[in-house]
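Participant: Please see the structure below; I have some questions.
Each value in this text was obtained by applying a stated rule to the coordinates, not by laboratory testing. Computed from a predicted structure; not experimentally measured. Counting neighbours? That spans all protein chains shown, and the Cβs are built from the backbone with ideal geometry, glycine included.
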Amino acid sequence: MSTAIWGESEPHTTAEVYPLSLLKKLLQEMIRQFGASGGCVALYDESINQMVIRLHLRLRSPTPAPTGSYPAGEDTAPFRRRITIDLADQPTSTQGKTKRISQPLSADMSGPPERSSLFPIGTTYPYGQGLIGYTWRRNEPFIIRYDEYISYFQPLGQVPFPADIVPSYYLCAPIRIPELAFDVHSKNQHATVLGIVILYQASPGIGFQQKQRSEVHQFTERIALYIQNYQLRHLHLRTRDYMKRLQQISTAFPRAVRLSELVEDVYQFVTNVVDVSSMLLTLYDRDTEKIYDVFAIDHGKRNDMLLKQPVVALPENRPLWWQVTQEEKSTLLLTLASQEHGNYGKYEELLKGVWGDQTKAETFLLLPMKMFTRVIGSLCLTSTRPDAYSLEEILLLETMVQIISVSIENAKLYDRSRQALLKAKQRQESLAAMYSALQAISTVLNVAELLRKFVETVANLVQAEMCTFFQLSADKKELIAQAIYDMTGKWKDANKGRNKDENHNDLIEMIRLPFKDSMLEQLVESQAYFYLDQTMVEELAQLSGEGGAIFLHETHIQQMLMIPVHYQTEIVGILAIHTPYSNRKFRPEELGALLAISGQAASAIRNAQLFEEIEEAYAELQRMDKLKDEFIVTASHELRTPLSAISGYSSLLKRQSGRITPQQILRFATKISSATHQLSDLVANMTEAAKMGPLDKKMDLQPGPVQLLAAVEMASTVLSINIEQKITIQIAGDLWAYCDAMRLGQVLSNLLDNAAKYSPPGSRILITGRATTLSQLPEDQVDYTLLANGDDPPLAVVHVCDEGEGIAPEDQQKIFEKFVRASRSLTTPIRGSGLGLYICRRYIEAMGGRLWLEQSVPGEGSIFSFYLPRIEAPIDMSKDDEPELQNSQGFSG
């Protein structure tokens, strides 16, 4: 029986398989019992299917022996002689090496042994060849003389080599396995013979008796029982060792759920059990439907990099492997000697690849890693030995592979369970974060604050560095940025603690993206969410204004998630989420959370907008109520004065009609006419203000080219008749504006009238004009929405400066509202309705300009400024007809 059965990676000595020390004693006893000159024992080597001489003993002094057997108890001291022992404690024949050990058999038989050329240790004999092979084939004890031996084997060409001693007789006997102990699983029909015992007689004239044939049979049965007993004991120890190893592998889960640890277990087990020159471990993943080579040994050299970077293949790339493992699902054992033409032919696919070229290996074994009916991989082994793997070894390896398969499947299930628990935990955390986010959003009723919390919460929830909310404009043509959260720092404070009227928020609102008839509109209509890649972002930047293009370029977008925010069927805006320089795509659970938050945020935004509208409407109602009270006070005050004058002078005319002089009648009529004119102007202003209506109501204008110098001169000429101030005009004649000439005249008249009313007699009123552009105006008067589109329109600016009493700081923001006058105006003799500046501002804004109080210092005067769109002078205007610059034109009242 081959020593490879016992599964060592290195070949074992014969002493580990056969009890050589016991055999020596038994052979010594046989030599004494049968009076032989010497003897040898050849044992069967299953790996080469031959008999190998393992033990040879010979008497040192060839004293003649008794001719019969010695009965038990008879004194055999005269026949005791020194015995030379040649003992081969050699490795298995797979290595082809012989190690000889010579030692005395017992203390009274000492002396250096002599090496013999007769039956040398390590000599092999096939079935039927030589005296040992012949005894094997004959399978019964027999006695043969030397001359018979020569005459029988000489025709067969099997004459023995010249030896140092020539025996005269041979007693040959097989060591047969007893009938009941025969191993029915043995693969060789000659395995019933464990070995051969040859006793020889070298003394002339002395031979063996026929009755000794039965006696030697008893001795060989005794030897066979000793050998089998020893083998069974050895098998028991080995089996216990393998069971312990298998138990260690089977209990690796769940401690060793890492693939590297399982692979190491396989490697250690296999190399300790069988002879391995190369090894390949392959796994098949049903989820990815891919084949992974995870461990390989190529002629003793390990490839540990495969655990980190396995070689991946598809089933169609490995058709033979797929057929053997997934279709046939059976163990494949090949030997080079059994293959036609001395090669593996169609099986070469299995013997080549990441584990090198194994086509020269003598033995190839493929073990499918089965889990019930599923195959999750394979273990391939090669050996340089022919018939290297016995049935017992294969059965042991199959058991190990099945245990490893179960461990791998358990590891996968364990990992899936762990991943499921982790996902459940993440889901729970996500739901908690989402609930917290919804709470934070739902409790805010200020739209700006709500949007700030919205983008900040979303960014923190999915760990994104930038989050922006774009609101759809009223005309649904573009998306306007309302809130930005940026963890990188560049836009970090873009909307923190700001009101929409502040300039910084105006800068944010410069970020505008096209929506109408753009890719965004198409994507919003067809998808619940979508990604913008670099190509789409660049296309969008080309269609955007300057602010939008800067945002898209400076935030380094490689992949941006866009989530439309809908309220019922109406789109409110788009939530944009991305991380600069990142191609990140969000997980399904993250997308679900974002969609849920966006849906709730839409309702919250709509509620906040409605709340602000209600607040604004309520504030407007309060303001209108206050204005109503102020109007009643103002109207009663302003109307009472002219009505009192009319009533008083009318009563005087009635009472003194008989004695009044014509001069008095003229004076009374003049007073009544002046009061009537004052009352008429007040009613006209009220009527005009009522016609204007809401701020968004368009007015009926007739715009055209207007020379500002001519318009100012006309207004100042009419006013200068009734005032006591000096008007100075500094306006170039080539300064033209595009506006309604009549409305511009009303604005100039109102501004000049106010300047004259609140300025002391003899003071100066200065009117200047200049050409400029929108970007050169004071910062608080710039319309950044125009600049964001790359426009910088030309403007004509007019300043009206007086030296009057000025306006108090607390009144400067209210003077452009309806029915509002400075707080001290009601106590002065100066009359007014509080509608003049309101009407002026509405006219100027309707003509595309803006009116504002540029400066006012109490006790020093005020400067009112306005601008209108500037145009070039009409072509038909002659240079000779252009008025010159008026530097100092005075009008006395």
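Participant: Label-point separation (nm) for residue 622 and residue 436, each offset 7 Å from Cα along Cα-to-Cβ?
Facilitator: 3.6
Participant: Find, among the trypsin sites (Lys or Arg not before Pro) in segment 299-377, those assigned to loop by DSSP (not H, G, I, E, B) with at most 15 other beta-carbon atoms within 10 angstrom. Don't skip to the end; give the middle numbers.
Facilitator: On the way: sites: 301, 302, 308, 329, 346, 352, 360, 370, 374; in loops: 308, 329, 352, 360.
Taking segment 299-377 and a limit of 15 other Cβ atoms within 10 Å, the loop trypsin sites (Lys or Arg not before Pro) found are 308, 329, 352, 360.
Participant: Now for a separate question. Give a quick list of GluC sites (Glu not before Pro) in segment 260-331 that DSSP marks as loop, anything other than H, G, I, E or B, with at most 12 other Cβ atoms within 10 Å. Spell out each step's value before the answer.
Facilitator: Numbers: sites: 261, 264, 289, 316, 327, 328; in loops: 289.
Those that pass, being in a loop and sparsely packed, are 289.
Participant: Something else now. With a ≥ b ≥ c the root eigenvalues of the C-alpha gyration tensor of segment 579-618, is it rounded (a/c under 1.5), prolate (a/b larger than b/c) or oblate?
Facilitator: Details: a/c = 9.10, a/b = 2.55, b/c = 3.58.
Oblate is the answer for segment 579-618, as a/c is 1.5 or above yet b/c matches or exceeds a/b.
Participant: Between residue 417 and residue 771, 0.36 nm times their residue separation minus their Cα-Cα distance comes to what?
Facilitator: Details: separation 354, 0.36 × 354 = 127.44 nm, distance 7.62 nm.
Result for the pair: 119.8 nm of gain on full extension.
Participant: So which chymotrypsin sites (Phe, Trp or Tyr not before Pro) in segment 534-615 pass both tests, a DSSP loop state and at most 13 other Cβ atoms within 10 Å of the Cβ? Walk me through the numbers on the way to the answer.
Facilitator: On the way: sites: 551, 567, 581, 586, 611; in loops: 581, 586.
Within segment 534-615, the qualifying chymotrypsin sites (Phe, Trp or Tyr not before Pro) (loop, at most 13 other Cβ atoms within 10 Å) are 581.
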